[in-house]
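The values are calculated or read from the model by the stated rules, or taken from the named source; none is laboratory data. Since we're looking at a predicted model, the values are computed, not measured. All Cβ positions, even for glycine, are placed from backbone atoms using ideal geometry, and neighbour counts span all protein chains on display.
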């Protein structure tokens, strides 16, 4: 298992997810942090984009999920991102945190609700 990682932190997207109809209708900001494990030795030596996984492509994959089809749970968003990354890119694993800033919890003050998952190539 490679110990090298590509990290994208603080990606922000606007999506229409949630268990409540209001969340799906109004939408809200989601923040995603992601690290993928991939061997970076060759790209470190060649300094060629073709020898690595483009973080631009990783970003676009996350964006497509978060700004795409509505889901009920943060867990579903995270799982969909992980599956897409593992299916589409030559990475060994993906670790994700999906945050919903200021979740609609009546009568409370919460900075964010989040889920964190770690998935590996089967």
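Tell me yes or no: at least one residue of region 36-54 is part of a strand (DSSP E or B), touching a strand residue (DSSP E or B) at 6+ places or on another chain (Cβ under 9 Å) and under 22 Å from residue 114 (Cβ atoms). Checking region 36-54: at least one residue is part of a strand (DSSP E or B), touching a strand residue (DSSP E or B) at 6+ places or on another chain (Cβ under 9 Å) and under 22 Å from residue 114 (Cβ atoms). Checked across region 65-74, the condition of being touching a residue at least 40 places away in the same chain (Cβ under 8 Å), surrounded by fewer than 17 Cβ atoms within 10 Å (Cβ to Cβ), closer than 18 Å to residue 115 by Cα and under 13 Å from the mean Cα position of the chain (by Cα) holds for at least one residue. Selection of region 6-27 for residues being on the phi > 0 side of the Ramachandran plot and either outside any loop (DSSP other than H, G, I, E, B) or more than 22 Å from the chain's Cα centre (by Cα) (or both) yields only 10. Might you check whether a residue that is in contact with a strand residue (DSSP E or B) (Cβ under 7 Å, 6 or more places away or on another chain) and farther than 26 Å from residue 16 by Cβ occurs anywhere in region 98-114? No. Can you tell me which residue in region 10-27 is surrounded by the most Cβ atoms within 10 Å (Cβ to Cβ), limited to those that are at pLDDT 95 or above and more than 21 Å from residue 83 (Cβ to Cβ)? So the residue we want is 12. The residue that is surrounded by the fewest Cβ atoms within 10 Å (Cβ to Cβ), counting only those in region 101-116 that are closer than 17 Å to residue 15 by Cβ and at pLDDT 95 or above, is 115.
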